[in-house]
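Remarks on the structure that follows.
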Amino acid sequence: MSHQFAAFASRLADAAGKAILPYYRQPLQVDSKGRTGVFDPVTVADRAAEAAIRELIERCWPNHGIIGEEYGTIRADAAYVWVIDPIDGTRAFMSGILSWGTLIGLLHHGEPVLGVLDQPVLAERFIGEMTGAVRRGPHSEARLKTRRGVALADATIWASSTITTKPELFARVQRLAGQARMLRYGSDCMAMAMLAEGHIDAVIETGLEIYDIAAQIPIVTGAGGIITALDGSTALHAGSILATGDRRLHQAIRRVMNEPGAHSR
Ligand code: IPD
Ligand code: CA
Ligand code: CA
């Protein structure tokens, strides 16, 4: 990748993977952050990975800002701000299910410019800039390209299970499910990677924070996909997002999703 910080982002992902792997599928204490009264798990692996990433940023780019899920925000008004979700999919991670990954995004003057999604067990790294995206394995690199030209009736859609806790939105997504080939709940970041790789046609998420989405925007956009809020506005600060392989499917899904009364967050 050509972005000046792409190699550094890969170093961050290496450090995170090294911190996480010793804990995967091992007996593990799981705490709940309990910020919203619902189960919101965090483990020593989440904390160790974010600490390792932050330590490297502080050492190499002390003027850069950091927004991290577990350890908060510093220098948010810096020109470059790293946005970190050390384990996206902690519920899957603690269950030994491979839908999780580390998300590392980079904002330049508030705009996403670089995103890395790292899956250390699979040794797969999805790297995106707004103009292109690749999947890098230990011995190979392939350009990421979304699947295009798929009608809603033929679409494979993944949605976050958080949707099932929001009755009105859930009802609208269920209606969408009736019009698609398949809609499956329970996606974490790997669903977005598979959208970028052309195996999934749409991903719908809700309840997102900036660290859930910042890295995904360059990956999906760079692969040729469309990612926005459910109302079509910018995805970065949206709680609810829709990502699709192409614009036509995006419009078709939004028509169904945004009928009167739909939640925008
Ligand atoms: C979760 C994942 C999931 C989304 C949830 C998030 P976490 O992140 O991003 O896909 O549906 O809303 O909380 O908590 O595992 O980092
Ligand atoms: Ca997350
Ligand atoms: Ca997380």
If I ask for residues that are part of a loop (DSSP other than H, G, I, E, B) and either over 14 Å from Ser95 (Cα atoms) or in contact (Cβ under 8 Å) with a residue 60 or more places away in the chain (or both), which ones from the range 25-38 would you list? Arg25, Leu28, Lys33, Gly34, Arg35, Thr36, Gly37, Val38
Mind checking which pairs have a first residue in the range 96-116 that is within 19 Å of Leu195 (Cα to Cα) and a second that is of a type in the set (A, V, I, L, M, F, W, C) and modelled with pLDDT under 95, Cβ under 9 Å, 6 or more apart or different chains? Leu114/Met1
Residue under question is Thr234, and the condition is that it be in a loop (DSSP other than H, G, I, E, B), more than 14 Å from ligand 2 (Cβ to nearest atom) and over 19 Å from Asp85 (Cα atoms); does it hold? yes
Taking the range 44-67 and keeping residues surrounded by fewer than 21 Cβ atoms within 10 Å (Cβ to Cβ) and assigned to a strand (DSSP E or B) leaves Gly65
Name the residues in the range 61-82 that are charged (D, E, K, R) and within 16 Å of ligand 2 (Cβ to nearest atom), would you? Glu69, Glu70
For residues in the range 15-40 being crowded, with 16+ Cβ neighbours inside 10 Å and of a type outside the set (Val, Ile, Thr), which is farthest from Trp100 (Cα to Cα)? Ala15
Lone qualifier among Ala171, Ala180 - being of a type outside the set (D, E, K, R), surrounded by fewer than 21 Cβ atoms within 10 Å (Cβ to Cβ) and away from ligand 1 (no atom under 13 Å from the Cβ): Ala171
Being at pLDDT below 95, of a type outside the set (Val, Ile, Thr) and either in contact with a His (Cβ under 7 Å, 6 or more places away or on another chain) or over 15 Å from Ala133 (Cα atoms) (or both) is the requirement here; does Ala151 meet it? no
Restricting the range 207-227 to residues that are assigned to a loop (DSSP other than H, G, I, E, B) and surrounded by fewer than 24 Cβ atoms within 10 Å (Cβ to Cβ), the one farthest from the chain's Cα centre (by Cα) turns out to be Gly224
Could you check Asp85 against (1) of a type outside the set (Lys, Arg); (2) at pLDDT 95 or above; (3) within 13 Å of ligand 2 (Cβ to nearest atom); (4) surrounded by fewer than 18 Cβ atoms within 10 Å (Cβ to Cβ) and say which number it fails? (4)
Give all pairs with beta carbons closer than 8 Å in which a residue from the range 175-201 that is assigned to a helix (DSSP H, G or I) meets a residue that is basic (Lys, Arg) and crowded, with 24+ Cβ neighbours inside 10 Å; count only pairs at least 6 apart in sequence or on separate chains. none
Filter pass, Leu117 being under 17 Å from Glu209 (Cβ atoms) and in contact with a helix residue (DSSP H, G or I) (Cβ under 7 Å, 6 or more places away or on another chain): yes
Within the range 204-217, is there a residue that is within 29 Å of His108 (Cβ to Cβ) and more than 16 Å from ligand 3 (Cβ to nearest atom)? yes
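To keep it simple, each residue is scored yes or no on (1) more than 27 Å from Ala6 (Cβ to Cβ); (2) in contact with a strand residue (DSSP E or B) (Cβ under 6 Å, 6 or more places away or on another chain); (3) of a type in the set (D, E, K, R); (4) touching a residue at least 12 places away in the same chain (Cβ under 8 Å).
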position: Ser160; (1), (2), (3), (4): yes, yes, no, yes
position: Phe170; (1), (2), (3), (4): yes, no, no, no
position: Tyr211; (1), (2), (3), (4): no, yes, no, yes
position: Thr221; (1), (2), (3), (4): no, no, no, yes
The lone exception for Gly137 - which of (1) at pLDDT below 95; (2) assigned by TED's automatic domain parsing to the domain that holds Glu205 it fails: (2)
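The values are calculated or read from the model by the stated rules, or taken from the named source; none is laboratory data. Quick caveat, the model's predicted, so the values are computed rather than measured. In this analysis, Cβ positions are derived from the backbone assuming ideal geometry, glycine residues included, and neighbour counts consider all displayed protein chains.
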